[in-house]
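Novice: Input: one structure, supplied below.
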Amino acid sequence: MNGFPRGKTAIVGSATYGIGKNPGLSSMDIAVNASIRALSAAGMKPGDVDALFICLPDNFLSGLTFAEYLGIQPKITENNRTGGSAFLTHLQSACLALDAGLCDVALIAYGSNQLSGAGKPVTPTGAAPYEGPYKPRLPVSAYALAASRHMHEYGTTPEQLAEVAVSARQWANLNPDAWMQGDLSVDDVLAARRVSTPLGIRDCCLVTDGGAAIVVTRADRARDHASAPAYVLGAAAATFHHNISQMPDLTVTAASESGPQAFAQAGVKPSDIDVVELYDAFTINPILFMEDLGFCAKGEGGAFFENGHTAPGGAQPVNTNGGGLSCVHPGMYGLFTLVEATQQVTGAAGARQVAGAKLALAHGSGGYLSSQATVILGAGETV
Amino acid sequence: MTERSTGIRPEREYREHLADGRFMLLRSRSSGRCMFYPRVAEPVTGNTDLEWVEASGDGTVYATTAVNQRPPTPAYNVALIDLAEGPRMMSRVEGVAAEDVRIGMPVKARIIDEDGAPLLVFDPA
């Protein structure tokens, strides 16, 4: 008994929609478009959904609005919002509810029109009273502070941070949906305008529109809906803080708890994982997460991204869609890690497909490295 | 109208002390620990036996960033400061260029007036 119904549920449909710019579409429109695509991939219609998991950037009751929009009457309407990790915690809850028989078909959805709408990141929280007067440029300054500490403690370099962005761009160049493409070198990243030192603009995620959705059922029904289901082997979450000034240790995230727990549930270890999909809001994130998830020792995350180790052709592919840095970042990116992980373990990733990928790790981060959620997906033979 | 709540009013009292020229921290009498930011109960223990104590103003830079602005306006500093009493807070270090603030640098608190309100900043000690 490890607290999770390993392999008892599976993702049977996944999709993205509107990566880039969508003038005239609301965030809800984009979320619905992604959902229709994901349901269609599973051979389903909105009326088949009886459990809904959603949070939108600009609608605190989006579960109710979404249900109304598509005329569905869910038994479970989950609006949990822990930031960008929310969708992975949604999956954790959905799997437990499916396994308990509380519902049969769970839909997890997200959409944002932040580029064509607001034109800047939309944040659902105001300035914290004890931080606001110092005018941190949030979110980037929070991650800059974490990067400064990691550099101080472990000698991590700006070049190593830049390697994270370069690796993401090389994957994006293989993904026709990615919003940013073209050559990007370490020197380009270092020469880019500094925003909040040590981070420059190419260390920061994109501001785009975009939606994503996944459909989850019990494994006994999964093969009726997908030729290649992605089985959920583990899902765990942890929260340490909200504001960056309250983070206990700026070099250790709650992924140090969610990661080992998800691996224990799945019965696998980091060296078994074929592809890793991380929420890379800023270049320091993947460095922290690879350490905290156990892919390398604490302090070695910077070196992990050197020499193309995580890039196409490298030994440990990371962020194979191009990530939030080069593919899509519509405010809360978390669900895109699950869509890409699903695509990879079901062999549907096209030119960026990692050959033989059977095990994928998806990891979401919410707030300011605050809330962390880890999911491990596997192809049929891993169950 | 009568105010119904009793005990600590954290943010209001913190700011009133600051306006009086005093940097005060909340401390639990039973645990002896100080907290920042001020709260109605101590984290983890839930202790409500709280009292205001004056901070030494001594601190150390834990993390730092220079926030760039459109030139020629210079960058400004945002830092996390570990207070001698234990808690950590966000602030900024003044008196040196934003980029020259170093982790581990000893600093000393000072209360300034900014945008019509008292604000705690730090100088190199």
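Any read-out appearing in this document is the output of simple, stated calculations on the displayed coordinates, not a laboratory observation. Please read these numbers as outputs of a predicted model, since none were measured by experiment. Here the Cβ positions follow ideal geometry from the backbone for every residue, glycine too, while neighbour counts run over all protein chains shown.
Novice: Show the residues, 5+ positions off or on another chain, whose built amide H is closer than 5 Å to the amide H of A:Gly84.
Specialist: A:Gly366, A:Gly367
Novice: Given R₀ = 60 Å, FRET efficiency for A:Gln181-A:Asp48 by Cβ-Cβ distance, to 0.05? Let's see the in-between values first.
Specialist: Values: r = 36 Å, r/R0 = 0.61.
Efficiency computed from Cβ-Cβ geometry: 0.95.
Novice: If you don't mind, there's one more thing I want to ask. Identify which of A:Ile287, A:Ile19, A:Ile72 has the largest mean-square fluctuation in a Gaussian network model of chain A, with springs joining Cα atoms closer than 10 Å.
Specialist: A:Ile72
Novice: At what distance in nm do the modelled label points of B:Arg102 and A:Asp99 sit from each other, each positioned 7 Å from its Cα along Cα→Cβ?
Specialist: Here the answer is 5.2 nm between the modelled labels.
Novice: Mind checking the angle between helix B:10-19 and chain B's longest principal axis? C-alpha axes, 0 to 90 degrees, to the nearest 10.
Specialist: 60 degrees
Novice: At A:Gln353 and B:Ser31, where each label point lies 7 Å from the Cα along Cα→Cβ, what is the point-to-point distance in nanometres?
Specialist: It is 5.4 nm.
Novice: Sticking with this one: If I model a spin label at B:Leu18 and A:Glu381 as a point 7 Å from the Cα along the Cα→Cβ vector, what separation in nanometres do I get?
Specialist: About 6.1 nm, to one decimal.
Novice: Taking the Cβ-Cβ separation of B:Glu11 and A:Glu300 as r and a Förster radius of 51 Å, what is the calculated FRET efficiency to the nearest 0.05?
Specialist: On the way: r = 41 Å, r/R0 = 0.81.
Approximately 0.80, to the nearest 0.05.
Novice: Still on this structure: Filter A:Lys8/A:Lys75; A:Lys75/A:Lys269; A:Lys21/A:Lys358; A:Lys269/A:Lys358 down to the pairs with a C-alpha to C-alpha distance above 24 Å, please.
Specialist: Values: A:Lys8/A:Lys75 20 Å; A:Lys75/A:Lys269 35 Å; A:Lys21/A:Lys358 33 Å; A:Lys269/A:Lys358 13 Å.
Listed pairs above 24 Å: A:Lys75/A:Lys269; A:Lys21/A:Lys358.
Novice: Which of A:Gln316, A:Ala226, A:Phe336 sits closest to the plus end of the dipole of the protein assembly as shown, meaning its Cα is farthest towards the positive end, when Lys and Arg get +1 and Asp and Glu get -1 on the C-beta?
Specialist: A:Ala226
Novice: So what J values fall out for segment B:119-124 if you push phi through Karplus, 6.51 cos²θ - 1.76 cosθ + 1.60 with θ = phi - 60°, rounded to Hz, Gly and Pro as x?
Specialist: For segment B:119-124, the Karplus curve yields 9, 8, 10, 10, 10, x Hz.
Novice: In the neighborhood of B:Arg15, defined by Cβ-to-Cβ distances under 14 Å, what is the net charge if each Lys or Arg adds +1 and each Asp or Glu adds -1?
Specialist: Spelling it out: positives minus negatives among the neighbours equals -4.
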